[in-house]
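The values are calculated or read from the model by the stated rules, or taken from the named source; none is laboratory data. In this text the structure is predicted, and so the values were computed from the model without any measurement. Please note: Cβ atoms are built from the backbone with ideal geometry, for glycine as well, and neighbour counts cover all protein chains shown.
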Amino acid sequence: MLENCKNAHERWGGVHKMIDSWLNERQQLIVLYCNLSASKPLSVEDPLAENIGRFCQVMMDYCSAGHFEIYEQLINEAKEFDDGGVELARELVPKLDKLTGQCVDFNDTYDQNCAFELLAKLPPDLSNIGEILEERFELEDQLIEQLHNVHKDQVAEEA
């Protein structure tokens, strides 16, 4: 019994650190988005192409970490505790997949391609990607709350 408790703390305590790191990356993404939204597209002193490239890189890293690391760990934790979280994941992950596709579309349009004709589309496209990211963050927060935070106390008690 004690060994199982220790294993649970080791397994799910690491998930907490992974989520913290991922949420820090989210914060960086938000800052980059705000800076990009506030930039002047034709300003000489503002390297727009670099800012868009950096934003796209961080957004893709963030989305990839969610899909290939975080969601998987959260779902495994939900399966381990078997308290209904798997059903929530089945509901939310397809929605997150769709939002990720829209992030990839933005990336494919703007990363490595800051042609002059795209600058006219950038403000509405940035507004749209901002809404997509906001929806994504809300869904991810639901996953974290229901599949991980609800178990934090149990994991701490088992240690």
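Take the conditions aromatic (Phe, Trp, Tyr), at pLDDT below 90 and loosely packed, with under 12 Cβ neighbours inside 10 Å and apply them to residue 81. Does it pass?
On the way: aromatic (Phe, Trp, Tyr): yes; at pLDDT below 90: yes; loosely packed, with under 12 Cβ neighbours inside 10 Å: no.
When the stated conditions are applied, residue 81 does not pass them.
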Query raised in the report: Does any residue of the range 35-45 turn out to be touching a helix residue (DSSP H, G or I) at 6+ places or on another chain (Cβ under 6 Å) and crowded, with 18+ Cβ neighbours inside 10 Å?
Result: yes
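Would you confirm, using the coordinates I've provided, whether residue 96 is modelled with pLDDT of 90 or more and touching a Phe, Trp or Tyr at 6+ places or on another chain (Cβ under 6 Å)?
Numbers: modelled with pLDDT of 90 or more: yes; touching a Phe, Trp or Tyr at 6+ places or on another chain (Cβ under 6 Å): no.
In short, no.
Of the residues 88, 133, which is under 13 Å from the mean Cα position of the chain (by Cα), assigned to a helix (DSSP H, G or I) and buried (at least 17 other Cβ atoms within 10 Å of the Cβ)?
Numbers: 88 fails: under 13 Å from the mean Cα position of the chain (by Cα).
Among 88, 133, only 133 is under 13 Å from the mean Cα position of the chain (by Cα), assigned to a helix (DSSP H, G or I) and buried (at least 17 other Cβ atoms within 10 Å of the Cβ).
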Query raised in the report: Among the residues of the range 81-127, how many are of a type in the set (A, V, I, L, M, F, W, C) and within 24 Å of residue 47 (Cβ to Cβ)?
Result: 11
Query - Only listed residue being surrounded by fewer than 18 Cβ atoms within 10 Å (Cβ to Cβ) and out of contact with any strand residue (DSSP E or B) (no Cβ under 6 Å at 6 or more places or on another chain), chosen from 58, 104 - result: 104
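I'd like the full set of residues that are without any contact (Cβ under 8 Å) to a residue 12 or more places away in the chain and not in a loop (DSSP other than H, G, I, E, B), limited to the range 99-118. Break it down stepwise before answering.
In the first step, residues of the range 99-118 are kept if they are without any contact (Cβ under 8 Å) to a residue 12 or more places away in the chain; the result is 101, 105, 108, 113, 115-118.
101, 105, 108, 116, 117, 118, listed by residue number.
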Report task. Considering only the range 85-114, state which residues are within 21 Å of residue 58 (Cα to Cα) and of a type in the set (Gly, Ala, Ser). Result -> 101
